[in-house]
Structures are given as C-alpha cells and as structure tokens.
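As structure tokens, the structure follows; a few thoughts come after it.
Any read-out appearing in this document is the output of simple, stated calculations on the displayed coordinates, not a laboratory observation. These numbers were taken from a predicted model, which means no experiment stands behind them. Every residue, glycine among them, receives a Cβ derived from its backbone with ideal geometry; neighbour counts consider all protein chains shown.
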There are 4 protein chains.
Amino acid sequence: MSGNSFGTIFKITSFGESHGPALGVVIDGVPPLLEISASDIQFELNRRKPGQSKITTQRKEGDTVQILSGIFEGKTTGTPIGLLILNEGHRSADYEEIKNILRPGHADFVYLKKYGIRDHRGGGRASGRETVARVAAGAIAKKILNQHKINILAYTLAIGDIYAKKMDYATIENNPVRCPDPQAAKLMEEKIEEVKKNQDSIGGIIEAIVHGCPAGLGDPVFDKLDAKLAHALMSIGSTKGVEFGEGFKVSKLLGSQNNDKYYIDGDKVKTFSNHTGGIAGGISTGENIILRVAIKPTASISQPQQTITTDGKQTTAEIAGRHDPCICPRAVPVVEAMIAITLVDALLQQKTIQQ
Amino acid sequence: MSGNSFGTIFKITSFGESHGPALGVVIDGVPPLLEISASDIQFELNRRKPGQSKITTQRKEGDTVQILSGIFEGKTTGTPIGLLILNEGHRSADYEEIKNILRPGHADFVYLKKYGIRDHRGGGRASGRETVARVAAGAIAKKILNQHKINILAYTLAIGDIYAKKMDYATIENNPVRCPDPQAAKLMEEKIEEVKKNQDSIGGIIEAIVHGCPAGLGDPVFDKLDAKLAHALMSIGSTKGVEFGEGFKVSKLLGSQNNDKYYIDGDKVKTFSNHTGGIAGGISTGENIILRVAIKPTASISQPQQTITTDGKQTTAEIAGRHDPCICPRAVPVVEAMIAITLVDALLQQKTIQQ
Amino acid sequence: MSGNSFGTIFKITSFGESHGPALGVVIDGVPPLLEISASDIQFELNRRKPGQSKITTQRKEGDTVQILSGIFEGKTTGTPIGLLILNEGHRSADYEEIKNILRPGHADFVYLKKYGIRDHRGGGRASGRETVARVAAGAIAKKILNQHKINILAYTLAIGDIYAKKMDYATIENNPVRCPDPQAAKLMEEKIEEVKKNQDSIGGIIEAIVHGCPAGLGDPVFDKLDAKLAHALMSIGSTKGVEFGEGFKVSKLLGSQNNDKYYIDGDKVKTFSNHTGGIAGGISTGENIILRVAIKPTASISQPQQTITTDGKQTTAEIAGRHDPCICPRAVPVVEAMIAITLVDALLQQKTIQQ
Amino acid sequence: MSGNSFGTIFKITSFGESHGPALGVVIDGVPPLLEISASDIQFELNRRKPGQSKITTQRKEGDTVQILSGIFEGKTTGTPIGLLILNEGHRSADYEEIKNILRPGHADFVYLKKYGIRDHRGGGRASGRETVARVAAGAIAKKILNQHKINILAYTLAIGDIYAKKMDYATIENNPVRCPDPQAAKLMEEKIEEVKKNQDSIGGIIEAIVHGCPAGLGDPVFDKLDAKLAHALMSIGSTKGVEFGEGFKVSKLLGSQNNDKYYIDGDKVKTFSNHTGGIAGGISTGENIILRVAIKPTASISQPQQTITTDGKQTTAEIAGRHDPCICPRAVPVVEAMIAITLVDALLQQKTIQQ
C-alpha cells in the first residue's frame, strides 16, 4: 500500500493500531517559527476523546500527546514534527473471543482479503482510533490557519430525521451532540440514548463552514480544492458521502437558480448567493466554504447479528466492548482536522505561484 | 500549482485550454504488451463528443485522437503514452465581447484571483473541454480493467425531479440522455428541451456501478478506494457531491439496518445486502461498487444575468455560444473514465503487496 | 513504471520515442505572468541540436518547438505548459537491420527484460533524443531563475586526459566542445576527430557552476539540494557519476582542510573557501554551487563489436547511423537544464516556509 | 519543506533531532506476512552504533528500537511500521557554550538561513544521528531483499591515500574500519588513530556491491535505478559524490573499451565485462551493481577553527564532545540501508508492470 501519507507540502504520515503500543503521526512541511505547545494539541484531542458524555463510548483513553521532534523552545523549527499518543486502557481480551468472526459493517473481511493477515484486536488499523492522529495533526494545521484568520466550524447537522434548524454556532460545544440548535440537540440526544438502549447505532450528517478562506486556493484540474477536501473527508472511516454548497440538490436546480451572481461591495467582488459553497472551478471564491459529510451508523452494535467465521462457518456476532451509539459528536473534530490539513496544504502551495 | 497529474502508478498528466491549439494527456505507468488502437480511444471520445443529439451542444468538434508515443506496432511498450486532440471549430470570437465579464457560475473570477491572469477564450483551462483528456486516458484504463473482467457502467439517474426507476442497463446508449429507464429517459429529454427553450440549464445525478471488481483494492488510511474515487470524481468540473452505497441516506439508518451481514455461498463470502456500496473500510469488498455524483446545471446559459466586469462595473452577461442545457449525458463517459483511472491505479498498487 | 515525471511543485512530465511522431513535455507548476516566447525555448534547443559542428552527429533534426498550452498572449497563465517537438529526418531504416541485435552499451537488453517488448528504432525511449524534452523544460526553468538572478553555466571540463586549465567562461560557446579553455578546447576537438576516425567514441567530464543561488534551498533530510541534483543529473542517460565541491577528493582530505571557515564581509557571512561546493547539510550556502558529471563514451560506435541477437545467437554489431563521437558538447545544455529544473523546484518549495 | 519521506511504494518517513526525546521512522508499503523481529532491526542498528571500537566516537547510545505498529505476532500486516529509538546519554550541555557559534563544515549557518531558527543541540536534525532511522528502515528492506536473494555488501574502499587492494569480503566485519583487505584495514586504522591524535578527521570512499539483483529494476527516464540510488546516497549527510561502475573513469575511456559485450552462457545473456556497474539505461542488467560513495572528513574536529558567531562576531570554535575521526566505518551500514530501501521500492514498482 503506502496510503498513510496525505498532502504535498503540508504532509502528514500516520501509523498505529488501536491495540498496539501507540498511535502516531509525523507532520512534515510545517513552516518554522510557529508557536505550538502540547496543550494546543491536547485541546483538540480532548474534543475527540471517548467518555465525554453518556452518549459516547465509556472507554477510558488518556489520549495524552507527546511531542517527539520538530518543536524547539516552544516554536516549530521547520523539521518534521513527530507526535505520539500511547494506547492505554484498551482491553484486548474483549476481542479475543471474536478474533475469528467477521463483524458485519467492519473491515475485518476486506483486510483479510487484501493483506492475508489482520490484527484482530479492535479493528487494528481500521479502528476509528486511528483518527486520533488526524486530530493531532489537525491541531497544528489549525494554528497555521489561525494566523491567516481562517476558521473552521463543524457540527452535527442531523441525526436520523432530526435536523438542526437554528444555527446558533456559539452553542455547539454546549451540548454533547455538538449541534448548533439547542432544541434539536436535545431531541438528538434522546434519539441516541434510545438507539443505545436498543443495542443499536444511528448515522447522521456533519456540516462544516470555513470562514475567512481567501480566494485562490486549490489546484485545478485534479487537485481542485473540493476534490482534495472530498479525498480528505472520504478517508475518514465512517464517511459515505461528501457534498459542497447545494450538494445533491443541484440535480433539481436550474442554471438561473444555481449560478451565483456578482456585485460590487465597495472594492470587493461579492455574490448575492453562495450556492456553490465557496468553491468554484475547484478554487476558493473567498465566500464561506460550506460542505456536508454523511456519517454512517457505527458498525459495532451489541445486538446479535448473523455472520460467519474466518473459516467460513455460520455464527452470530455479539460485539461486546464499549462503543459509540452515534459517532457524529466525536467525528466533528475529525472533520475539522481533515479540512484544516487540506486547507493548509492548499495555502502553502498557493505561495509557490505568488510573486 | 502542479495539480494536473492524477494517480501514483497509473499516472495521468493533462494539459491544454479549450481554445488553444490542442488538449493532451500523458499516461505513465501503463503495463507493456497491452493491445491498444486509436479506435479504442476514439470510441470513448465519440461518446463524450458534442453534437450527438439535439439536447447536447451543437458545437462541432472532431475530437480525433493522435497517439504520439508509448504504443509500438499496436502494443503498449511500458513507456509513457502521449495523446493529442487538436482543437477545431472553436469560435474564439464568441468570447471576445465577454472577455471582461465575470460569467456567473464560471471560474472566471477565481482564476483571475488565483493567477492574476486568465485565458478568457471559452474558459481556457477551466472549460469542460478539459475532460476530453480524461476520457482519452480512461479508454486506456478501461482496456486494462477489461483484461481483469472489471466493467464500469455509468448512467443518468436523475434530471431535476425525474428519476430512473427501471434499471434496464442494455438501453442506456439507446437514448440521448444515457438513462437506463426508457420511459424516464423520454421525460428527461422533454425536460431538457423545455429548459433549453427557456435559455436555461438543469442539473442531475449520475450513478455508476462497477461489476467484477475484486476484493482488496484501496490503500487505507488516506488512499482508501472511496477517498480516491471521491477525489477523482469531485475533480470533474460540474460535480458538487459524491456518495457511495446508501450515501447520504445513512444519516437516517440504524446500524442494524446498514451493516451488511455475511453468509457463505459455496466457497465464497457474500453479503445479503450491499448498503456499503462495494467498499468497506476503504477497500473493495468484491460486491458491486455503487456510487452517485451530483451534477450541477451548466453555468453557461444564454438568458441575461446580472454580473460585473473585471474592472468592477455592473453589467449583464448574455452568454452566446452553443452550450449543453444539461451536461449529464456527456458527463457519463467522463465519470466512467475517472472511475477507470482510479481503479487501475489501485489494481496496480495492489500488485505490490501480493506474494 | 511511472518514472517520467520529475519535481514536486515545478513538475515536468516527458514522453516520446526517438523514432515516433514526436517528443513532448508538460511543465506544471510554472508561476503565472512569466513572459515566455517560443524563441526562448528554441534558443536552448538549438544549443542541443545535432549537426552544430563536424564533431557532433551529422543528423538533421529541426527540433522546432510548438507551444500547445499554458501561455496566453506571451505570458504564462499558471496552467500546464505543453511543448511538442516533432521528429523529423529520422531514418528508421537504419535500424531495421539491427532490430534483433543487442547493441553493446545500449539499453536494448534491459528494456526487453523489463518490459518484454521494445521499440527498436534508434533506442526508442532510451535514446538520447529524449533529452530534447529536458532542454525545452529547462528553458522555462531558466527564465524563472533569471528573474532571481540565478545563472547556470556548464561546460566541458575534460575529454579523455585533456583538462581545461584556464577558466575563460566567456569563450565557452566559441568552440564546438564548449570548453572554457580555448587551448584545451583545440586539443579536445582534435582528440574527438581522431576518435571518430577510428570509428570509436570517448567520454568526458562536464562541470557546472551556479552563480547567484540564495542560501536556504533544499529540503533535508531526503530532498537535500545535492540529493535532488544528483537524482536529476544521474537520470541523464550518459551520466556515470556526480560529485559536488571537492567531490571524490574529499576522501583524501582532513577535516581541518575541508571545513570552510566563516568570516564577516560587511554584513554578509562568507567562507574563505568553498570546498563544499555551495551546498552544506543539503542546503545551498549562498556561495557558488559547483558540481561535476562523468559522461561515458557514446555507446553507438561503428566499429564491429561482438554481441548476440535477441534470440541468443552470436553476431557482430556494426552500428550504422550518424552518432556523436563524444556527447559532452551536446550534453552541456542538458546538464544545465536538469540543474535549472531542480533549482526552480527548490526555490518554489522554499516559498512555502517563508513568512 | 516536506523532504522527510523517501520512496514511492516502499516509503519511509523519518523524524527526530539528535538531542530531542527520540528518533523515529515510519515505513509504509511493506508487504504483509513478512517475518520481522526487533532483533532483525537491532542487529543493523548495532552495526551503526557509536562506541564499537577506539576509532569511533566514544559516545554511549543504547539505540534500542521499539516497534510501535505494523507488526502483529511477528509478522508484518501491510500497515505502516512505526519504529522509535529513544535518545539516551546525550550531553546537551556540551553544546550550550557553542550555541551561538557557526561551526565550520556544519549545517548551522544554512539551517539558520533557511528556517530562521535552529535546534543548536548537536546539530539537531542535521546531525548524523538522523541516520539511525535510515538503518532501522533499511533492516526491514533487507529482509524483503533476502527473500529475493538480493544481497548488499558495503565496505570501506579507501581512507585518505590507503586503498583496499584485496577483496576478501568475508573479513569486512572483522576489522573496525569495515575494509575487505585486512592489510589495508590495519593501515587505515593507524591512519585514523593518527588523525584523531591531531584533533583532526579524515575522509574516505565506501564501495558497495549488490549481488543477485534481477534485471529489469528502475523506471526511466527520471526514476532510473542509478538516479534513485544517487538521490538516496547523496541524501546521507557526509556524501560528496556517487559513481557507478567505472564512474568518473569513463571520462578517459573509449566506447570500444567501455561497452560491455554480450555472450550467451547456457540460456543466460551475460557480458564479458561490467564497466557499467550493473545498471544500463537506468535499469538493472542482472550483473552485480557496483557503486562508490565519497565520504567527507567529519566536520566536528576539536582543534581550534576560525569562525564567527550568529551575531557576526569573529571567534574560534573548539568543538568538544565525542566525535568520529572518520565516519566511514559507521557509514557503511547507512550506505547499505539506503541502497536496500531504494532497491525494494524499485522491486515493488516492477511488480506493477508484470503480467
């Protein structure tokens, strides 16, 4: 393979299995003289951490980041930043009894087909735990974006049939679902608890808005900004779809409705609408970038499911362990991280063509 | 930039503007001893060509491919294949009068912001004409996939509110919309004609199915097969969303509904359902790959639209020229091409880890 | 394979065989608004062209460049530049009779082993003709370097035992050997003529000096500037060695001799010596970059050589055709081109870490 | 930057400073089901370790490798292998007093110019300690090569004027210089001790031979096997030149002398000579690969050297600490590692074009 690096200039390389000694990430191409502390990274890791509320997994993971390189006396030096998060509190024993079972909705079968071997402890590399590396790298990307006054905000837009209607962004972190509509958040929380009681899980939609992204980022024709973002976001394990601006609704729109018309506001070019979601022709327009990600229901559910063993016998899987009935709340910082990583790479690449 | 290459092993590099002398593509990494003729490539180019019916643009483009390298006595040699398609019959004059106008829905503004200069003739590099290079490269990718009995089928699933309901794949190429449901196709055709009469355009959804893809393709964690496909498909100019299997519907599903359960069929591992769309954990499962692409309404419409000039004056754009009222029919072979290119790259990469 | 691209930001992709329709190169990542004309490129191609003197091959090749994309109204647009050089005046018939012969010193055998097929006409992709694409791309790289007042000068340092002793750079283009020492040039010319008369060929050393390269280029630890230059230069078909500064002589030096000591000249940091050749720790020091390339004797010689046929029979190769008795004079612009391409890429990458 | 990854399929990413908490390397693209133990890696690390004899540095570094991922129950899983080597026994205090001094022959100045900041403790990222990551990754590459019966042997060919004349490869590891000629080894050892006594250092030449490399590896025209090897080897800090086969001697050879003539040995194609060093046209020929690397004298010497401070004042550097008077003995395993890494990548890439 060799699919564990992402980015061209700002390039991350991740490693580690859910039940091995550690997860880690190397971030190369970080400009020097950027102030970064372990707590900057820890802040984001804590947002992703299990056990934040009763609607997330009750696993205990310290998720404490260690900085191994690339930062000297509080500042980046331009050399690669190595970050390490030790695995703690994992219960490999939970997985011993299902080591020969192909869990429905999981990657057990395909890893076996692809590699002829798999680390069966908790999904190994295919575990959602892998995203801890993304969030750690994303924290550094966000520091760079902050310098440029670019701000990323992701949140739960929908869980099942419940959609956020009011967009009160200030309240996102005030509820365990990370939803900007406090009333919808309440309903979502109840829904997730109900699903959990039924030993089941549920999907949702995460929306993200990027404020302050300058016009000009993205590299047509193959590395368009939306193409790179789609790549980044689809690489998150639970994603089944990505859309920008009007997204799939464009199929029902006329050109006269969908085209964003220009006007002049002082000395700025603006558009009356933002149907395109802040990216046109694969390049950022300067308006807010708006995208949505479809998140599938967690594969791990404890109710019995019909399946087979690795040696082809019929069996029933009952997945013990402590799993998220809905991964959306914890996927929000992961979505933000992947957007941040992609934007920084585009931002740094754009410097190469500027006078 | 440098965003004009795609792929790691099977790597394509494209160049050319809509109104320059030619479009071209270099395909590197093609295995040797593959039989390829110009007519293999021409066949696919003709499917994309303008003027195929009254619901596509009436522009005349010969789109004749020239093979410049990499094929010797009818076979690939392992060296890079250079393909050239001369631009013919373009009317640059059509664009002279709008050279200073920022066309709504187009990339005029962002190219100017990004590069400080733009080729205003017909969109230049941002023109849909760029996709001719993708289709040419895709034709070669399809030849390789054919050897492995992998078959890609894309078609128009929806135009506006009209959805294909019957999936009679054999009829796809029998109607100008490339829809597998002849009745829906008729309605779609009428809808497009109506829209065209109103000097407007309309969007749609293209669906694609890959039959025969073996299990094991895709390189987690960042180069998952769905992530690479999303990258490839989002890089097509008119795409606003990509989804796999249940796609955005997963937001409403429970884990117990969405998980595909395994059973044994003879010596084969199968699943009762294919909600995941043939890719799990970023790796192909061996089931059909199913995906959908949201296609926006063509930006070029001839009805007057409010906009501004490059020097900031209010004006009205009336885009002359001959444009597609709906790009879906001609985008079908482009979607197939990008899928083919992505799959071949994954297929060749998979060889590197096999015993 | 897929080894026909070079560079990360300034990225070239080359294609074409010596006896196919054309050679070509796509140059991606060129900053916009750079003034480039066909004659800028033609100037460099003419320096590489056959038939410049009686000591080079007498083949006639027009080597006229066509610009296919990326340049609009005399300026680069930031989109990929496609360049095409049609093959003319090749005599494929010259090669018909040796199509089954493995020519000593050529790549015939290895191409057959690697690909299982080869284009036998004049070496196909392995022909020195491939370097025409490098020189064309290098011409564009040089334009960018000129803006930064970086200047590359390559020349023939040695042919056989004859070494340039006086370094009168102004005279380099005044003699057919491209040697900065007019007296040595005379002797070299006579040597080459003598070798040619004997149906033989001879090797040499090309030296290059880069003036004006700023300190700071190169990306440790793997993409050090000297590592990238070595990669670039060793990829030229006739190169057998590359060295920087004192080069292989360092094996005989003491640290106290080899270390360049610093002093202050006004507000500038300078070194008393430049043993390191302008690159330390893989990063340019700001002093002149100095390197040398070992060029092997042309493989094509017309005297009879013992060899075998592709079906394993003993035979004698007498290579007709018109070949260079010494490739150094024509390799000089190729060496310059590869240095230029490498430096521009490093220069543009360096922009990504600057404040 | 982002120059800390090397390879396309077998891709390594390294991080860490000499006086930070740890050095590390991520190895991606390793085929699954390969048996690897920590002791396989430790064996190679021990060959590179300081303090092996009185002619190497007397620093104490445990250099114990930890496997963090990618290996499960003794076998590779196809996921990235993370390796960590903690830094121990470093004396940062040694560097405190020279933190503002630009050490001649070191990268202090260029790091400061490039990044505007540097980790002054022992060279930071520019320290030779960085090669520990290369050797660890190389150990894994060697395991793969062993499966293919490819064997790499590097050794000290020359120190100063003393050259190995007898090639008794079995004795290489029997002397502290790693020289295949026991008599020359003795003289080399004495020379190094003399140099050390004079508070000086000395350079040398390392030669490497690869036995058993199959024909067909390498990807023209830019990723030729010799070009990639040159890149890999020049990226080692102390390298100032690389040559293949006859190397720089080709400048004095005639084509009739240098061309390797073919003959048939049973059903095998062989050459009477191997002037080309096992690589022709950038592709391995099946003969032994032979190359040489010029190693400069260690920059760190304890005799006083004239230099300046970072704020531009004249001073004298007396570099305390424990340094290698000649780095060749310890560079031998580093050279082997970089060759191994490059060959495995070429080997895996070659699989992609095979039927």
In the range B:249-355, chymotrypsin sites (Phe, Trp or Tyr not before Pro) in a DSSP loop with at most 13 other beta-carbon atoms within 10 Å: B:PHE272
Averaged over all directions, how much area does the convex hull of the C-alpha atoms of the range A:68-146 cover when projected, in nm²? 7.7 nm²
Using the Kirkwood radius built from alpha carbon pairs, what does the Stokes-Einstein equation give as D for the protein assembly as shown at 10 °C and 1.306 mPa s, in µm² per second? 49 µm²/s
Ranking of D:SER53, A:SER69 by count of other Cβ atoms within 10 Å, fewest first: D:SER53, A:SER69
Gaussian network model of chain D, Cα springs within a sub-10 Å range: biggest mean-square fluctuation belongs to which of D:GLY278, D:GLY74, D:GLY216? D:GLY74
Mind checking the alpha-carbon convex hull of the range B:95-222 and giving the volume per residue in Å³? 186 Å³
Filtering GluC sites (Glu not before Pro) in the range B:36-124 by DSSP loop and by at most 13 other Cβ atoms within 10 Å leaves B:GLU73, B:GLU88, B:GLU97
Given backbone amide H placed at 1.01 Å from N, residues whose amide H is under 5 Å from that of B:PHE72, ignoring those fewer than 5 places away on the same chain, are B:THR77
Amide H of A:ILE308 versus every other amide H placed in the peptide plane: which residues, excluding those fewer than 5 positions away on the same chain, fall under 5 Å? A:LEU102, A:THR315, B:TYR262
Karplus 3J(HN,Hα) series, Hz, for the range A:172-180 with 6.51 cos²θ - 1.76 cosθ + 1.60 (x for Gly, Pro): 3, 7, 7, 10, x, 8, 6, 10, x
Sum of -39500 (n - 2.57) over DSSP H runs of 4+, divided by residues of chain A (222 nm, nearest 500): -8000 deg cm²/dmol
Would you tally the net charge around A:GLN354, using a Cβ to Cβ cut-off of less than 14 Å, leaving A:GLN354 out, and scoring K and R as +1, D and E as -1? +3
Looking at chain B as a GNM with Cα springs under 10 Å, which of B:ASP219, B:ASP200, B:ASP161 has the largest mean-square fluctuation? B:ASP161
Amide H within-cut-off set for C:HIS19, under 5 Å, with H built and near neighbours excluded: C:GLY124
Phi-based couplings in Hz for the range C:193-208 (Karplus 6.51, -1.76, 1.60; Gly and Pro marked x): 5, 5, 4, 4, 4, 7, 6, 10, 9, 8, x, x, 10, 9, 10, 9
Trypsin sites (Lys or Arg not before Pro), restricted to the range D:257-355: which are DSSP loop and have at most 14 other Cβ atoms within 10 Å? D:LYS313
If R₀ is 25 angstrom, what is the calculated FRET efficiency for the pair A:GLN66 and A:GLU173, using the beta carbon separation as r and rounding to 0.05? 0.45
Which of these, C:ALA139, C:ALA317, C:ALA170, has the largest mean-square fluctuation under a Gaussian network model of chain C (Cα springs below 10 Å)? C:ALA170
Stokes-Einstein D for the range C:5-351, Kirkwood Rh over Cα pairs, 25 °C, 0.890 mPa s (µm²/s): 116 µm²/s
Cα pair count fraction exceeding 20 Å, expressed as % - the range C:181-289: 55 percent
Taking R0 as 22 Å and r as the Cβ-Cβ distance between B:TYR263 and B:HIS148, the FRET efficiency 1/(1 + (r/R0)^6), rounded to the nearest 0.05, comes to 0.30
Per-residue HN-Hα couplings for the range C:340-355 [Karplus 6.51, -1.76, 1.60; θ = phi - 60°; Hz; x = Gly/Pro]: 4, 4, 5, 5, 4, 4, 5, 5, 5, 5, 4, 4, 6, 10, 8, 5
For Cα pairs less than 8 Å apart in space and 6+ apart in sequence, what is the mean separation divided by the residue count of chain A, i.e. the relative contact order in percent? 22 percent
Positive minus negative residues near B:VAL221 (Lys, Arg vs Asp, Glu; Cβ under 15 Å): +2
Summing Lys, Arg as +1 and Asp, Glu as -1, what charge do residues with Cβ under 11 Å from the Cβ of D:GLU336 carry, D:GLU336 excluded? +4
